[in-house]
1. Looking only at region 18-71, which residues are within 19 Å of GLU241 (Cβ to Cβ) and of a type in the set (Ser, Thr, Tyr)?
2. Quick one: how many residues across region 97-110 are out of contact with any Lys or Arg (no Cβ under 8 Å at 6 or more places or on another chain) and either of a type outside the set (D, E, K, R) or assigned to a loop (DSSP other than H, G, I, E, B) (or both)?
3. So which residues in region 161-170 are touching a helix residue (DSSP H, G or I) at 6+ places or on another chain (Cβ under 8 Å) and surrounded by fewer than 21 Cβ atoms within 10 Å (Cβ to Cβ), if there are any at all?
4. What's the number of the condition PRO246 fails, among (1) modelled with pLDDT under 85; (2) within 22 Å of LEU154 (Cβ to Cβ)?
5. Give me the helices (runs of 4 or more DSSP H) completely within region 1-74, filtered to those with at least 1 residues that are closer than 28 Å to VAL153 by Cα and in contact (Cβ under 8 Å) with a residue 60 or more places away in the chain, ordered by residue number.
6. For GLY209, which of the numbered conditions (1) buried (at least 17 other Cβ atoms within 10 Å of the Cβ); (2) at negative phi fails to hold?
7. GLU156 versus (1) crowded, with 19+ Cβ neighbours inside 10 Å; (2) closer than 21 Å to LEU238 by Cα; (3) in contact with a helix residue (DSSP H, G or I) (Cβ under 8 Å, 6 or more places away or on another chain): which is the lone unmet condition?
8. Condition test on THR215, is it surrounded by 15 or more Cβ atoms within 10 Å (Cβ to Cβ) and among the β-branched types (Val, Ile, Thr)?
Amino acid sequence: MAPHVLVADDDAWILRMVATVLEKRGYSVETAVDGEDALQRALARTPDLLITDVMMPKLDGWSLVRQLRSHAELAMLPVIFLTALSSEDDRIRGFRLGADDYVTKPFRFEELDLRVAKTLRRTAQAVQDTRDQLSGSGLRGDLSQVGLSSLLVLIEMERKTGLLQLRAPNGPSAQVLVREGKVVHARLDDQDEPVDAECVYYLLTWGAGEFEFITCLVEGTDRVSVSTTHLLMEGARLMDEANEKPMGAPISIPPKGPPAAAVSDDPTDDNWD
């Protein structure tokens, strides 16, 4: 079956040209005239790839991707941003959201065609590699290749139990405990706050870093009483709120605290009491 591509742009000419180029290559193409239209279409029929403009009415591209990523079935959706915004900050913002590529307008349609094919291949391979590793005893990789939202969804789908360790580039590190695919505890190393669900919301903002999942016994009380889908949706809502702040507004960093208790894989040890 041909890959299904959803294209969102408020420029009717670009929509028509992108759809024409991709349909000639054998893709199934659906178009949306703004962010809200794209969101509803993606929820009604899961695309294999989203190509979206950033500056659109009703719902911009940033918010569209955050909301899509909050749905478990769309957390691994590959995204290509198609935009006239070309600053380095815009690029960083796109990749922090888990964008797979960033094409600046004006562009050559032949180039977009090649990037679509490359993104679909790379994403399919990354997801398959992650699944294969999860079927074993461990997994490690780069958050810029497989985002935390995708990781949590895959862990939930595989019903894995163990410890997910995360480390930001030259920054903090964190530990997330999961049991049967569900997050039950999360904390930053060497910091008291945030913890549990609030810690997951903070970690979802990391666009880069290293991760490692280790299969081990996880005992103790479930301190995160909500599902992975709820965590992703609330994380997306909080990121939307944060991005409504004026440019240059300070970003809150969790306070430095005394070292937290170490996580143990000893089945007799209650890991987080």
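The values are calculated or read from the model by the stated rules, or taken from the named source; none is laboratory data. This is a predicted model, so every value here is computed, not measured. When we count neighbours, we look across all protein chains shown, and the Cβ atoms used for this are built from the backbone with ideal geometry, even at glycine.
1. SER63, SER70
2. Residues of region 97-110 that are out of contact with any Lys or Arg (no Cβ under 8 Å at 6 or more places or on another chain), as a first pass: 99, 104-110.
From what is left, the residues that are either of a type outside the set (D, E, K, R) or assigned to a loop (DSSP other than H, G, I, E, B) (or both) are 99, 104-109.
Matching residues across region 97-110 total 7.
3. Residues of region 161-170 touching a helix residue (DSSP H, G or I) at 6+ places or on another chain (Cβ under 8 Å): 164, 166.
Across region 161-170, there are no qualifying residues.
4. (2)
5. The helices (runs of 4 or more DSSP H) meeting that bar are 61-69.
6. Of everything listed in (1) buried (at least 17 other Cβ atoms within 10 Å of the Cβ); (2) at negative phi, GLY209 misses just condition (2).
7. Going through (1) crowded, with 19+ Cβ neighbours inside 10 Å; (2) closer than 21 Å to LEU238 by Cα; (3) in contact with a helix residue (DSSP H, G or I) (Cβ under 8 Å, 6 or more places away or on another chain) one by one, GLU156 breaks only (2).
8. yes
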